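Asks: Handing you a structure now.
The values are calculated or read from the model by the stated rules, or taken from the named source; none is laboratory data. Since the model is a prediction, treat every value here as computed from it, not as a measurement. Glycine also receives a Cβ, built like all others from the backbone with ideal geometry; neighbour counts cover every protein chain displayed.
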Amino acid sequence: MTKIKRTLVTTALPYANGPVHIGHLAGVYVPADIYVRYLRLKGEDVLLIGGSDEHGVPITLKARNEGITPQDVVDKYHSIIKQSFADFGISFDVYSRTSSKTHYETASEFFKSLYDKGEFLEKESQQYYDEEAGQFLADRYITGTCPHCHKDGAYGDQCESCGTSLNATDLLHPRSTISGSTPVQRTTKHWYLPLDKHEAFLRQWILEEHKEWKPNVYGQCKSWIDLGLQPRAVSRDLDWGVPVPVEGAEGKVLYVWFDAPIGYISATRELTPDWEKYWKDPETRLLHFIGKDNIVFHCIVFPSMLKAEGTYNLPDNVPANEFLNLEGDKISTSRNWAVWLHEYLLDFKDKQDVLRYVLTANAPETKDNDFTWKDFQARNNNELVAIFGNFVNRSVVLTQKYYNGVVPQPDELQDFDRETLEGIGVFAQKTQEALDQFKFREAVKEAMNLARLGNKYLADTEPWKLIKTDAARVETIMYVALQITANLAILMEPFLPFAAEKLRKMLNMGQVDWKLCGQKQVLQTGHSIGEAELLFQKIEDSEIQAQLDKLQASKKANEAAARTANPAKENISFDEFSKMDIRTGTILEAEKVAKTKKLLKLKIDTGLDQRTVVSGIAEFFEPETIVGRQVSILVNLAPRNIKGIESQGMILMAEDADGRLDFVAPQSPVKNGSEVR
RNA sequence: GCCGAGGUAGCUCAGCUGGUUAGAGCGCAUGAUUCAUAAUCAUGAGGUCGGCGGUUCAAGCCCGCCUCUCGGUACCA
C-alpha cells in the first residue's frame, strides 16, 4: 500500500447551459466541500478542483436559438455558477472553465500523446453535411421522419416521440435545422478510443481491486463491463470545442466527453506549477465526486484515457451519489423544476449553512432522496435552531450572566462531568470516522449529537437552580458546557462553515485548530468570550409558502407549454393523402409480446382479412380490456418484422401531452373495413 | 425482457463476517423544567424488516421465485 501524502479532489464540471441547482449541490459539491474542509483542517495537503464544462452541441444549439455566440452562452452561465459557488462557500482552490487557453493546450497535448502512441482507432463513416452552411451536422442539427414510428420532427440521435435512439443516417427525409436544406452524406474521418481493448484491465482494476467502492458505483461498472465495451468516438465535426490537433482534422473538435474530464487537469495546471505532483505522483490520492449519471465516464472512460496515456494516477475512489428529487418530482432544468442556487442565495440571505445542512442530512447517498421545503423548514427550526443554536445560546448567555463572559475555574469534577467530557471525544471520533468513509449524512448527525449532549448536560445539572445554593458547582458546570460549545465551533466547521466561524468569533477563539477537536479543554479558564448572538433564525411558514408558490407557478407554466400543440407539418396534396388506406377494424385478440415493455400483439379484423399488428401500447392498455374495441388501422403500410412477429399495419393512436395514448376510433359501431378519410 | 441499485416504525435513514427482547433522528403522546429563538430533558406508543418458499440450532442479513421504485439497455409500423 502506497503511503498517501496528498489528495486531489475533483468535482463534476457543471454544464454551462444553465445555473446550478440543489441536485448538483447535494450530489457533488456539498459532500466534496465537507470532505476537503475536513482534510484541510487536519493539515493535509489537498486541492479541490472545479470548473465549467463549456463545449458540446447543446450549448451551440442554445446560442443559435438565442441569436448569440456559444461563447456568450458560456460566459453568462460560467459567471453565474462561479459566483454562486463562491457565495455558497464551496471552497474551490480553483474554479476554471474548459474554454480557457490552458485547457485548449492541455486537452490538445493529451490527445496528441494518445495519438502518437497509437491509442486511437481511425474510422471513416458517413455523416450528413449541409452544403449551404458548409459544415457537417451534429445529430441534433438534423431532423426528419423517424424510421420507426414515422413521426416527423425526430432528431438525428433520438426520436423524442417514440424514444428510440437513432443514427442520423437512418432518418427519412432529413433536413438541416441550420439552413433547412436537405443534407448530403459525406465521408468523414474520426478517432475512436477502443474501450474494448481496456476491458481486461478495467475488469481487474475495478472488479478485483476496488471492491470497496460504493455498491451503486461498483454495480454499475460491472454492468457496463459485462455488457461489453465499444470503441467511442473522441472527435466530432463541429466548430465549438478544442480542435483536433492533427493534420487534416480541420473542422473537427474533441468530443465533449473527452475534453471535459481533462478539464480537471487543466484547472490544476492553472492553479499551480506543481500540478504534476497532484496528478502523477503515486503518493497522491485522486477522488472524483460526481452524480450517478457520470459513473461510466469517471470509472470506465476517463480511467481508460489516463491508463492509455500512461503517466497519470487512476482514481482511488469515486464516491458517486444518487439523485435528489424536489417535492416528489424529478429535478429538471428545462421544466424549471429546481431550486436554483443563485436564487436561493437571494431568497435566503446568509442562510448558506441551512441549505448545506439539509442537503447533507438528507443526502442521496444510497438511493434517490426527496427535498421538500417542509423538511427544510423542520430541519432548520427543530435541529439547527433548537438543538445547536439553542445550546450555544444557553451556554453563552449563562456565562455572560454569571461570570461576565469569563470562563470559570472548574471545581472538582464529578462522575457526570467526566462522562460528559469523555462524550466530546466520542462524538468527535465518530464524526471523523464517518467522514473518512464518505458517510456525510452520518457524520453530520454525530456532530449534532455533540450539541444534544450539551443540552442534556445543562438539563441534568440545572445550573440556574444551583447558582442560588452552590455557586462553586456552577463554575464547574459552566466550564464543561463551554468546552462542548468550543468543540462545536471546531467540529461543525466542515459542515456549517459560516455558523462555525460566527461561533468562534463569539467565543474569541481565533483560528480553528482541528487538533483541539475532541479535547476536554479548548477554552482556558480566564478566557473572555463575547456576547451571545443567535447562530440561526427560525424560518416562518410564509417563507416556505413563498417557495412552494414559486414551484407551483413553474408547474403551471409547464402545463401551459405542454398544451401548445406542435406546429402543422407542410402541406401535402390530396393524392398524397389518399395513398394512405385507413380502415376501421376490431381487435379480436391481444397479448403481450414476451420480453418487451411496450409491445402488444394484436389480431385485427379489418373487414378485408384478419391480420396481426404489433403495437407499442402495452404501457397504457391491459390486453384483455381492449378485445372487442374498434380501432382505426392503416392497412397499406409496408409490413415489418418486430421481435420476430410480422406486423401488418399500424393502429392509429392519439398522444396526449403527457405521452398517454388513446385509440382513434368511430364513436358508434361501424362496419369493419369502412374507409377512414 | 436483460443488467445494476433499492424496498426496515407516519417521515428520513442505520443495521458489522447470519446469533439473545430490530435501532436513531424527526413527527406524535405523556411528564419534568424555565438559563434559552415555546427552545430543552425524560418516558412511551408505533415495525409479520416488500411478498411467498427454502437452507440453518438460529435470517432483516444466505438461496429460489414473485412484486414495487429508480437508473441503464432492448423493443415502440
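Asks: Out of all the residues in the range A:281-291, is one or more within 12 Å of RNA strand B (Cβ to nearest atom), touching a helix residue (DSSP H, G or I) at 6+ places or on another chain (Cβ under 9 Å) and not assigned by TED's automatic domain parsing to the domain that holds A:PHE440?
Replies: Scanning the range A:281-291, I find at least one residue that is within 12 Å of RNA strand B (Cβ to nearest atom), touching a helix residue (DSSP H, G or I) at 6+ places or on another chain (Cβ under 9 Å) and not assigned by TED's automatic domain parsing to the domain that holds A:PHE440, so the answer is yes.
Asks: Okay, next question. Could you list, in sequence order, the residues of the range A:593-630 that are in contact (Cβ under 8 Å) with a residue 60 or more places away in the chain and among the polar types (S, T, N, Q)?
Replies: Once the filter is applied, which keeps residues that are in contact (Cβ under 8 Å) with a residue 60 or more places away in the chain and among the polar types (S, T, N, Q), the range A:593-630 yields only A:THR606.
Asks: Right, something else. Looking at the range A:508-537, I want the residues that are under 22 Å from A:ASN390 (Cα atoms) and have a partner that is within 16 Å of RNA strand B (Cβ to nearest atom) and part of a loop (DSSP other than H, G, I, E, B) with Cβ atoms under 6 Å, at least 6 apart or on another chain. Which pairs are those?
Replies: Between residues of the range A:508-537 that are under 22 Å from A:ASN390 (Cα atoms) and residues that are within 16 Å of RNA strand B (Cβ to nearest atom) and part of a loop (DSSP other than H, G, I, E, B), the close pairs are A:ASN508/A:ILE529; A:ASN508/A:GLY530; A:SER528/A:GLY405; A:ILE529/A:GLY405; A:ILE529/A:LEU507.
Asks: Could you say whether any residue in the range A:43-58 is touching a residue at least 60 places away in the same chain (Cβ under 8 Å), surrounded by fewer than 23 Cβ atoms within 10 Å (Cβ to Cβ), under 16 Å from A:PRO19 (Cα atoms) and not charged (D, E, K, R)?
Replies: yes
Asks: Now a separate question. Determine which single condition A:VAL426 fails, assuming it passes every other condition in (1) surrounded by 19 or more Cβ atoms within 10 Å (Cβ to Cβ); (2) closer than 19 Å to A:MET492 by Cβ; (3) among the hydrophobic types (A, V, I, L, M, F, W, C); (4) more than 10 Å from RNA strand B (Cβ to nearest atom).
Replies: Among (1) surrounded by 19 or more Cβ atoms within 10 Å (Cβ to Cβ); (2) closer than 19 Å to A:MET492 by Cβ; (3) among the hydrophobic types (A, V, I, L, M, F, W, C); (4) more than 10 Å from RNA strand B (Cβ to nearest atom), the lone unmet condition for A:VAL426 is (1).
Asks: Would you call A:VAL354 crowded, with 19+ Cβ neighbours inside 10 Å, among the β-branched types (Val, Ile, Thr) and without any contact (Cβ under 8 Å) to a residue 24 or more places away in the chain?
Replies: Values: crowded, with 19+ Cβ neighbours inside 10 Å: yes; among the β-branched types (Val, Ile, Thr): yes; without any contact (Cβ under 8 Å) to a residue 24 or more places away in the chain: no.
Here the answer is no, as A:VAL354 does not meet what is asked.
Asks: Would you confirm whether any residue within the range A:146-159 is away from RNA strand B (no atom under 14 Å from the Cβ), out of contact with any Gly (no Cβ under 6 Å at 6 or more places or on another chain), at pLDDT 75 or above and assigned to a loop (DSSP other than H, G, I, E, B)?
Replies: Within the range A:146-159, none of the residues are away from RNA strand B (no atom under 14 Å from the Cβ), out of contact with any Gly (no Cβ under 6 Å at 6 or more places or on another chain), at pLDDT 75 or above and assigned to a loop (DSSP other than H, G, I, E, B).
Asks: Could I ask something else about it? Return the residues of the range A:232-248 that are at pLDDT below 90 and surrounded by 16 or more Cβ atoms within 10 Å (Cβ to Cβ); say none if nothing qualifies.
Replies: A:ARG232, A:ALA233, A:ARG236, A:ASP237, A:LEU238
Asks: Then there is this: In the range A:631-666, how many are assigned to a strand (DSSP E or B) and either without any contact (Cβ under 8 Å) to a residue 24 or more places away in the chain or in contact with a Cys (Cβ under 8 Å, 6 or more places away or on another chain) (or both)?
Replies: Residues of the range A:631-666 assigned to a strand (DSSP E or B): A:631-634, A:640-642, A:645-647, A:650-651, A:653-655, A:661-663.
Subsequent filtering for residues that are either without any contact (Cβ under 8 Å) to a residue 24 or more places away in the chain or in contact with a Cys (Cβ under 8 Å, 6 or more places away or on another chain) (or both) retains A:640-641, A:654.
So the count comes out to 3.
Asks: Considering only the range A:199-222, I want to know if a residue exists there that is in contact with a helix residue (DSSP H, G or I) (Cβ under 8 Å, 6 or more places away or on another chain) and at positive phi.
Replies: No: zero hits.
Asks: If a residue must be more than 6 Å from RNA strand B (Cβ to nearest atom), basic (Lys, Arg) and over 13 Å from A:GLU646 (Cα atoms), how many such residues does the range A:584-618 contain?
Replies: 1
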